[in-house]
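What follows is a short report on a single structure.
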Amino acid sequence: MNESQAKQQSPWSERLRALRNMPPVLGILWDSGRAVVTWGLILRVLVAVAPFGIAKVAQYIITDIAAHLRGQPLPANFWQIVGAEVVLNVALGLLTRAVDYSDSLLANRYTQHVSVRVMEQAARLDLTTYENPVFYDRLERARVQATDRLAMIQQMGRLFQQVITTLVFSVALVMASPWLVLLLALGVLPSFLGETHYAFLGYAKNFRQTPAKRQMDYLRQVAGSREGAKEVKLFGLNKFFTDRFQALADQIYVEDTALSRSKLIVGGLLGIVGTLGYYGAYVYVIWKTIGGNYDIGQFTFLTAAIQQASSNLQQVFSTASGIADQALFLTDLLAFFEMEPTVMSKPDGKLLPDVIKRGFEFRNVTFTYPGTNRTVLKDFTLHLKPGERIALIGENGQGKTTIVKLITRLYDPTEGQILLDGVDLRDYKIEDLHRHIGVIFQDFMRFEMTARENIAVGRIEIPHKQEEIEDAAHKSLADTVVAKLGNGYDQILGRRFEGGVELSGGEWQKIALARAYLRDAQLLILDEPTAALDARSELEVFERFAELTQGKMALLISHRFSTVRMADRIVVLSGGRLIEEGDHRHLMEKGGVYAGMFEMQAASYR
């Protein structure tokens, strides 16, 4: 739902539609802790009926005392009845604490369960999804709703308890006079309608404010992050960021204040109506008692019943309104859970061959990013054979990284086919495809964990011996980095956690390269992973790369032609098309685009 829809839709129709969110949420709640939910409901039933029992016992006690004051003897069981009231009150106190304990357990179970589901769902979705700003708004709301809707879970438990208490006391009042319940309901209903109206306005406001709040989070992060500190200081950007943050915060404050002010005034007037309804029922009971219809014990019980029924009826409406409000916010969480990836394995997907024989083949592949008109690849054809090392070169935006994402099935082609041993890549299981490919991107992750874990994530599905970790580090030259760390492979990297050590860009890249070598994959892809290395270090890394990829397929992207020339075949891209290919010597003799780019770069070193 976009902003205009949020404004135009009827609060009541939208609220009723939002109630459809409740069954799936109750299902999530049940899955998060069935035993805790069951015991919580039992405890709430006991807490709900206990006030009625206490009020009824109090009626008997007051009736007996009034009779005794008129000269009648106390009943033989009088003190047992007094003791019963004490026991009921003590039990109510203990049961209330037990409910709180049950709620705390359920809160922990629910928060953990739904947070894990959000993480799992986010991992399932396509890479293209993450490039859509609308998705980020939905993801942000889903992450917030995963934990912030905990209040709704607790409200549902309270509503269940309040309804039972209200019904028990309402039955007692109906037996005395149906007018009592009618007066209470007429007094509470206007307040409920007002709460419902303002709850919807609050949802629409929060929905409208999501992009602004995301901008505020971004500005807060940029202005206060270690990565941005240098440029913020050098360029004097602090005031620029804080002013923009303040402008957004002021805008949100004005909207919040206007809604709160209106709710205060209207809600206060409607609250007066509720109070008049309560006292109408109270005066009615006084009038009937004075007229001799009720004795003092009945009067005491009925006034307690009126107070309990009125209080709980108001709470039922208020809690129900709050739940309806929370249910509106759950729309994005449940919609997020319902999202399905477009790139997925077929139910009968094939496993990759243990030894790839014919290699990967791009056949007339065209690719356009979803939501755009920009064609990144056009009728692209390329065959990567077993044991062959291919280098992709071209200016930025020519489709080099897109080829990597297509061959790893992070995307599917818009047109054409990608084949593996003659079989369409979409016929293989994605998970098995990924197990046979090792990739390091230029924007690789810097996991703020131990050096060992940073390498082990390259193939996390199996346990690794220390020798395997060290061997991968040796291949990528990361062993020289680890040798300088105080705790070796147990050293935490990064500054986020206490005791962590920050690495240089080049050192991080060697650690990241070790992950790719740990996979021992049939296809190894390096997408400009050595951009932070100096020329000598990069040459050393690629010499090792050339040595270790003997007999394997390798795809290399680099802007440095000194390293590209070691590839078996160089593919030149322009405008999303293959315009030249061949080895270094052949392309230089041809004197085309590659030769011109090579000479231009070589001239800068002369």
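Any read-out appearing in this document is the output of simple, stated calculations on the displayed coordinates, not a laboratory observation. Quick caveat: nothing in here was measured; it's all calculated off a predicted structure. Backbone-built Cβ (ideal geometry, glycine too); neighbour counts: all protein chains shown.
Quickly rank 475-482, 65-72, 489-496 as a protection proxy: mean count of other C-beta atoms within 10 Å, highest first. Write down the numbers at each step before the final one.
Values: 475-482: 21.1, 65-72: 11.0, 489-496: 16.5.
Order by mean packing, descending: 475-482, 489-496, 65-72.
If you average the C-alpha positions of the range 433-474 and of the range 96-129 separately, how far apart do those two centres end up, in angstrom? If you average the Cα positions of each part, the centres end up 29 Å apart.
Each other residue within a Cβ distance under 10 Å of V36 adds +1 if Lys or Arg and -1 if Asp or Glu, for a net charge of +1.
Under unit Cβ charges (Lys, Arg +1; Asp, Glu -1), what dipole magnitude, rounded to 20 debye, does the chain have relative to its Cα centre? Provide the component values of the computation, followed by the final result.
Details: 66 positive and 66 negative charges, 227 e Å.
Computed about the Cα centre, the dipole is about 1080 debye.
Between Y218 and R536, the modelled label-to-label distance comes to 4.1 nm, taking each label 7 Å out from Cα in the direction of the beta carbon. Ellipsoid fit via the Cα gyration tensor, the chain: semi-axes of 70, 26, 23 Å, each the root of five times an eigenvalue, largest first. Got the relative contact order for the range 15-338 handy, in percent, Cα pairs under 8 Å and 6 or more residues apart? With pairs under 8 Å counted, the relative contact order is 35 percent.
With contributions of -39500 (n - 2.57) from each DSSP H run of at least four residues, the per-residue ellipticity at 222 nm computed over the chain stands at -22000 deg cm²/dmol.
Site pair F337 and S262 shows an inter-label distance of 3.2 nm when each label is modelled 7 Å from Cα along Cα→Cβ.
Return the percentage of antiparallel bridges among DSSP beta bridges fully within the chain, rounded to the nearest 5 %. All intermediate terms of the calculation are to be shown ahead of the outcome.
Numbers: 19 of 38 bridges.
The answer is about 50 percent antiparallel.
Applying 1/(1 + (r/R0)^6) with r as the Cβ-Cβ distance of T366 and R565 and R0 = 45 angstrom yields a FRET efficiency of 0.90.
Kindly state, to the nearest 0.05, the FRET efficiency for E140 paired with T111, given R0 = 22 Å and r defined as their beta-carbon distance. In this case the efficiency is close to 0.80.
Which value results when the Cα radius of gyration for the range 428-539 is divided by 2.2 N^0.38 Å?
Numbers: Rg = 13.6 Å, N = 112, 2.2 N^0.38 = 13.2 Å.
Working it through for the range 428-539, the quotient is 1.03.
With contacts defined as alpha carbon pairs under 8 Å and 6 or more residues apart, what's the relative contact order of the chain in percent? Write out the running numbers ahead of the final one.
Numbers: 813 pairs, mean separation 89.0, N = 606.
That works out to 15 percent.
Each of K239 and M449 was given a label point 7 Å from its Cα along the Cα-to-Cβ line. The distance between the two points is 4.5 nm. Within the same chain, lysines fewer than 8 places from K475 are excluded, and of the rest, those with a Cα less than 28 Å from its Cα are K357, K385, K400, K405, K465, K484, K510, K552.
Assuming 0.890 mPa s and 25 °C, estimate D for the range 15-338 with Stokes-Einstein, Rh taken as the Kirkwood radius over Cα pairs, in µm²/s. My calculation gives 104 µm²/s for D.
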